[in-house]
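Quick notes on the structure that follows.
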């Protein structure tokens, strides 16, 4: 919608093709012409021919639109902005790794395989755990974290059994590093770059970015790492001659010593509306103008990585798993969220509390009278600190009770998960936490399903739980509009000529 308005503002007729009648961009006032059509090469070509379109913008249609670029260009259609060759250089994993190696940018060890035996050989070479996925997936479909060769064999067997005549190769295999995930959206014109800010994910790498809670601007990055992120983004954008918008996801190693580039998306991501709204930078308009031939230096905004805004936003994923029987709500590399909410605050905890409280009764003030159930695979110091400070009534399975006892915390041990499941259905727990992932339909999956059926708050990540516990202890400040937050720095990151 913003791209269409930008084109019209430049005196260019905008034609929108939309395959989802439920979206706001179906408003007939959005563009000069609006089509409801499937997003396939054939259907887009029909519209291009009818409208005599000179160029097609694919950067604002998600991965589906990017996947059309090759077929459209082969049919003689001009792709606006970033060239097809550059798109392929980041979509093809081998070409992508070659690019990063040339630029001397660290990437997670990985390879592309074309056969079952190759997969086992590469997995052993890289070392477990591994992240495995089909090539060119949307929303992380088919992505899994595997910890040993038996799990790999089972995954390949299931993939072949469900292929229904389709090819399952190539498959991408990467070493799984449970580091800190970071994300940026950048506007580039082939020479200069503009980065409104940096998102920091709450959950560790391995959770799909669409399902992660994300904080903007990133509160825990040193100035050195921010400079490195800007440098890597500049190197990549210049090497690819990116014109328009791109999204880069990074992983900072657990020891915070190495910053890896995880992936580059040559398109707008779901974080663009948040970054744009929070900072005031008209990202889609700028990216559209660049694709139409304008330069960033001619715009009203500072180049490079912008100074952090003096307030915070938290992106909170919204799930519909309670309406989807049989879907395990545990977080992982395959996306399950169906929307997102946003919380704004003067501090991270304020923004986090508002984001968790998007739905009535989701964020609760916890007391000793409240009972929770924990089934965890590990306990980290930050989570332990929050659990002890809130002085809750805690029930746990045998493994978790032992882990907590080692940290000096006594809890009520529940010997049988089935008992916890029934307690959940009886509304005994204010929330439950189960982080076990076995790949099987086991008692942990059943417990999480019971939480869904009883509408009990549930978490499947230690990191999400820690953030929730911190937020539950916050006294909320008075609500303010985004305009009120911006009042203190109305011209932040604008060029002097734009301020006059």
If each residue of separation counts as 0.36 nm, what is the full-extension length gain between residue 5 and residue 46 once their alpha-carbon separation is subtracted? 12.5 nm
Expressed as a whole-number percentage, the relative contact order of region 377-437 with C-alpha contacts under 8 angstrom and at least six residues apart is 29 percent
Distance in nm between label sites at residue 277 and residue 419, each 7 Å beyond Cα in the beta-carbon direction? 4.5 nm
With r as the distance between the Cβ atoms of residue 161 and residue 410 and R0 = 35 Å, compute the FRET efficiency 1/(1 + (r/R0)^6) and round to 0.05. 0.15
At R0 = 51 Å the Cβ-Cβ FRET efficiency linking residue 88 and residue 455, nearest 0.05, sits at 0.65
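Exposure proxy check: 449, 334 ranked by fewest other beta carbons within 10 Å?
Working: 449 21, 334 17.
Neighbour counts put them in this order, fewest first: 334, 449.
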So for region 315-384, averaging the separation of alpha carbon pairs under 8 Å that are six or more residues apart and normalising by length, what relative contact order in percent results? 24 percent
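At a Förster radius of 22 Å, what calculated FRET efficiency corresponds to the Cβ-Cβ distance of residue 118 and residue 154, to the nearest 0.05? Write down the numbers at each step before the final one.
Working: r = 17 Å, r/R0 = 0.79.
Efficiency for this residue pair is about 0.80.
Send over the Kirkwood Rh of region 366-472, from the inverse of the averaged 1/r over different Cα pairs, rounded to one decimal Å. Provide the component values of the computation, followed by the final result.
Working: mean 1/r = 0.0730 Å⁻¹.
Averaging 1/r across every pair of different Cα atoms and inverting gives 13.7 Å.
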Ranking of 290, 41 by count of other Cβ atoms within 10 Å, fewest first: 41, 290
Please give, to one decimal in nm, the separation of the simple spin-label points placed at residue 103 and residue 442, each 7 Å out from Cα toward the Cβ. 4.0 nm
Between residue 369 and residue 191, what is the label-to-label distance in nm when each label sits 7 Å out along the Cα-to-Cβ direction? 6.7 nm
Give me the angle, in degrees from 0 to 90, between the Cα long axis of helix 149-161 and the longest principal axis of the Cα atoms of the chain, rounded to the nearest 10. 60 degrees
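At a 10 angstrom cut-off on C-beta neighbours, averaged per residue, how do the peptides 305-313, 46-54, 199-207, 6-14 rank from highest to lowest? Please report the intermediate quantities before stating the final value.
On the way: 305-313: 20.0, 46-54: 13.6, 199-207: 22.4, 6-14: 15.4.
The densest-packed peptide leads the list: 199-207, 305-313, 6-14, 46-54.
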Helix 443-453 against the longest principal axis of the chain: what's the angle in degrees, Cα atoms only, rounded to the nearest 10? 70 degrees
Computed over the Cα atoms, what is the radius of gyration of the chain divided by 2.2 N^0.38 Å, N being its residue count? 1.02
Beta bridges per DSSP with both ends in the chain, % antiparallel, nearest 5: 70 percent
Relative to the longest principal axis of the C-alpha atoms of the chain, give the angle of the C-alpha long axis of helix 93-102, reported between 0 and 90° and rounded to the nearest 10°. 80 degrees
When only Cα pairs under 8 Å and 6 or more residues apart are kept, what is the percent relative contact order across region 88-199? 28 percent
Centre separation in Å (Cα based) which lies between region 440-454 and region 275-331: 34 Å
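Relative to the present Cα-Cα distance, how much length would full extension add between residue 361 and residue 318 at 0.36 nm per residue of separation?
Here the segment from residue 361 to residue 318 would lengthen by 14.0 nm.
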Taking a label point 7 Å from the Cα of residue 70 along Cα-to-Cβ, the residues of region 84-98 whose backbone nitrogen sits under 12 Å from it are 85, 87-93
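How much length would be gained if the chain were fully extended between residue 393 and residue 147, taking 0.36 nm per residue of separation minus their Cα-Cα distance, in nm to one decimal?
On the way: separation 246, 0.36 × 246 = 88.56 nm, distance 3.38 nm.
Computed gain between residue 393 and residue 147 is 85.2 nm.
Any read-out appearing in this document is the output of simple, stated calculations on the displayed coordinates, not a laboratory observation. This is a predicted model, so every value here is computed, not measured. All Cβ positions, glycine included, derive from the backbone under ideal geometry; neighbour counts span all protein chains shown.
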